[in-house]
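Asks: I'd like to ask you about the structure that follows.
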Amino acid sequence: LGKFLDHKAERGELDGMYAWARESLLAYARWAAEHESPYLDRPEVLEFPTETWAAQDLRKAEVFDLAALHAKSPGERERFRERARFFFRDGVERLGGMPTRSLCRPVVILLGCGGSRAWHEERPEATAPRGPRGIDFGAPRVFVPQKRRALRRLAWLAAAAALAAAVAAALALA
């Protein structure tokens, strides 16, 4: 979402989709600031607790850094920046202590996230355009898994087929 927002802003497209993406990023970052913890704090829930999980926490830092650019208040911006610093520092420290730290996956994640972290630290007052305000996004829809939708359609088709068979049988007897 952060990259999408950057792209839209560069093109001057501060429209409804920009506003929606911005609100989505902020909603996720607010939730994550309260609920996320480093992956390796609970290695028992991971099938394979490897160095890649420590590197994945750098991606969380990236989300918080991007959300800080779009934060609605200085307090929220600082909260996101603090979370970004925490996840980045924790991920780098854990990764640095692992003998497999130089494997491809963690190195690629580091290369992708490391430079942007430095950019954000050097520009603590940087902000992104706010975009339009007061847009009504409507009420959120309840998520219905595809399997449940398919089973519901199957039940409707079975009922329609049974009704059609009953009508055909009634017509055949008449």
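Asks: Return the pairs, sorted by first residue and then second, in which the second residue is open to solvent by 30 Å² or more (accessible area, probe 1.4 Å) and assigned to a loop (DSSP other than H, G, I, E, B), the first residue lies in region 68-84 and is touching a residue at least 24 places away in the same chain (Cβ under 8 Å), the beta carbons are less than 7 Å apart, and the residues are 6+ apart or on different chains.
Replies: That search, which allows pairs on different chains as well, returns Leu69/Thr127; Arg81/Pro124.
Asks: Next up: Residues of region 24-55 being in contact with a Phe, Trp or Tyr (Cβ under 7 Å, 6 or more places away or on another chain) and open to solvent by 40 Å² or more (accessible area, probe 1.4 Å), which ones?
Replies: Of everything in region 24-55, those that are in contact with a Phe, Trp or Tyr (Cβ under 7 Å, 6 or more places away or on another chain) and open to solvent by 40 Å² or more (accessible area, probe 1.4 Å) turn out to be Tyr39, Trp53.
Asks: Shifting gears a bit: What do you reckon, is Phe87 modelled with pLDDT of 95 or more, buried (at least 21 other Cβ atoms within 10 Å of the Cβ), of a type outside the set (D, E, K, R) and over 30 Å from Pro132 (Cα atoms)?
Replies: Yes.
Asks: Looking only at region 123-174, count how many residues are open to solvent by less than 100 Å² (accessible area, probe 1.4 Å) and closer than 30 Å to Glu10 by Cβ.
Replies: 13
Asks: Could you please tell me which pairs satisfy a Cβ distance under 6 Å, a separation of 6+ or placement on different chains, a first residue in region 37-61 that is more than 17 Å from Arg105 (Cβ to Cβ), and a second residue that is aromatic (Phe, Trp, Tyr) and open to solvent by 50 Å² or more (accessible area, probe 1.4 Å)?
Replies: Filtered contacts from region 37-61: no entries.
The values are calculated or read from the model by the stated rules, or taken from the named source; none is laboratory data. On a predicted model such as this, the values are computed, not experimentally measured, just so you know. Cβ atoms come from the backbone with ideal geometry, glycine included; neighbour counts cover every protein chain shown. Side chains included, ligands, DNA and RNA excluded: accessible areas come from the protein's heavy atoms. Shrake-Rupley method; radii C 1.70, N 1.55, O 1.52, S 1.80 Å.
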